[in-house]
Each structure stands twice: as C-alpha cells, then as structure tokens.
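A quick write-up on the structure given underneath.
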C-alpha cells in the first residue's frame with residue numbers, strides 16, 4: 001500500500017535526481033539537438049532506478065531468501081478475498097489511512113502541476129536562451145525549469161515523511177511456510193534471529209501486525225486473518241517469536 005524509503009534510498013534518490021538535472025541542463029544549453037535522444041535514455045534509466053528502489057517491496061518474489069522459504073511446507077495463506085472482507089469490517093482502518101490518503105492526493109496534485117509546468121515554462125526558457133549569449137543566464141533559466149518541480153516533489157515527500165508518524169501497509173496476500181513468511185514488502189525467515197519487528201495481535205479487528213520503526217515513523221505491516229490464534233501459534237512455534245503483544249479489546 002505504501003513504499004517508505006530508508007535513509008540510503010533517500011540519499012540515492014536525491015543524487016540521482018540532481019545528476020539527471022545536471023545532464024539535462026547541459027544538453028539544453030550546449031547540445032539541444034541531442035535532447036530528444038537523451039529523453040529516451042532518461043525514461044529507460046528511470047525504470048531501472050524505480051526497480052532498484054522497489055526491490056525491498058519485491059523481495060518476497062525475487063530474493064534468494066524468498067525462494068528458500070518457498071521450498072518449505074505451506075502452513076497458512078492469507079487470501080485476498082478474506083483480507084478485503086476483514087478490511088471492510090475494520091472501521092478504524094479508514095481513520096488510520098487518512099494521513100496517507102491526504103499525502104497521496106497532494107502528490108497527485110503535484111504531479112498534475114508538474115506536467116503543466118514543463119511545456120509552459122520551457123517554451124519561455126527556450127525564448128530566453130535564444131535571445132541571449134550569456135552562458136550563466138542560459139544555465140540558470142534551465143536549472144530553474146528542472147529544479148522547481150523537483151524541489152516541489154521532494155518537499156512533498158519530505159513533508160509526508162515527517163507528517164506520517166504511522167504508516168499502515170496492509171498485505172493483500174501473504175503466505176506463511178515452516179521456513180518463513182512472505183508478503184509485499186515483508187520477508188521473514190524462520191527461525192527469527194535479531195528480530196527487527198515488534199509483533200502485535202488484535203483479535204477484535206482480526207489481524208497480526210509487524211511493526212518497525214524507521215526514523216521518527218513506525219511502519220506497520222498488517223496481516224488480516226480470520227484465524228488470529230492460528231497465525232500467532234505458527235509464528236511462535238516455527239518462527240520462534242517469543243512475544244506477541246495483545247492490543248485492542250483483548251488487551252489485559
């Protein structure tokens with residue numbers, strides 16, 4: 001449901017963005033005849049970049065660890081239709097997702113504004129560039145053209161990182177084997193060593209949840225299930241997870 005970059009990915013994202021802006025600016029100023037060819041390369045590079053950024057989300061499919069886990073015996077499978085049914089019944093989920101929905105809508109508006117910015121601004125930038133021989137002016141005009149929408153997007157992302165204290169990622173499908181657990185963004189090999197997650201269970205809302213702190217935010221990987229006790233028992237027996245905290249109405 002969401003993708004949260006860690007610090008390393010955040011730094012790489014900024015480095016990649018600034019590198020592309022520098023190249024595009026140079027092409028605009030010195031080699032405009034090659035600009036159309038570079039955009040093809042740029043789009044291809046963007047897909048490669050997005051793949052590497054999303055690898056953590058796809059570990060349950062692509063990683064060596066996931067393949068090893070799948071050689072084990074399947075003990076429980078969270079089916080998409082059951083998960084959707086439980087989500088609908090969990091009325092508190094809407095409240096939890098509101099901050100994420102707000103920033104998603106804001107990002108959508110920024111995307112529309114960005115698409116409108118490029119044709120409007122760069123027609124103006126081209127006119128300015130062609131009417132002057134001053135190199136500094138040409139570079140500044142194109143840098144502004146690329147940096148302004150980039151800064152807008154990055155500011156929105158930074159705002160969302162700081163504004164969302166909790167990120168709920170519902171696993172719309174997951175599998176638990178005797179060798180581990182697999183779901184979108186979540187790959188856990190059994191038995192668990194150096195557990196990076198806090199595990200909680202809410203019988204009233206029908207889920208087991210893995211919580212991980214990332215900076216000032218907490219990412220919650222939620223496994224909705226009609227058999228909370230069964231999933232909990234599997235995690236304890238095969239995962240050797242010592243403690244599953246009871247929350248909600250079942251809290252003691």
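No lab work stands behind these numbers, since they all come straight from the coordinates. None of the values given here were measured: they were computed from a predicted structure. Using ideal geometry, Cβ is built from the backbone for each residue, glycine included, and neighbour counts are taken over all protein chains shown.
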Extension reserve of the residue 14-residue 130 stretch, reckoned as 0.36 nm per residue once the Cα distance is removed: 38.7 nm
Kirkwood Rh in Å, taken over all unlike Cα pairs in the chain: 21.2 Å
Ascending count of other beta-carbon atoms within 10 Å, so fewest first, for 20, 101: 101, 20
Packing-based ranking, highest mean first, of 88-98, 217-227 given that Cβ atoms within 10 Å are counted: 217-227, 88-98
Pairwise label distance in nanometres, residue 30 with residue 73, each label 7 Å out on the Cα-Cβ vector: 6.6 nm
Highest to lowest packing among 105-114, 74-83, scored as the average C-beta count within 10 Å: 74-83, 105-114
Fully extended contour minus Cα-Cα distance, from residue 212 to residue 22, at 0.36 nm per residue: 64.8 nm
Burial ranking of peptide ranges 124-137, 182-195 (average Cβ count within 10 Å, highest at the top): 182-195, 124-137
Debye log10 I(q)/I(0) at q = 0.17 Å⁻¹ for segment 119-252, Cα point scatterers: -0.91
Stretch gain in nm, segment residue 122-residue 203, where the contour uses 0.36 nm per residue and the Cα spacing is subtracted: 23.5 nm
Pairwise label distance in nanometres, residue 147 with residue 247, each label 7 Å out on the Cα-Cβ vector: 4.2 nm
Ranking of 139, 234 by count of other Cβ atoms within 10 Å, fewest first: 139, 234
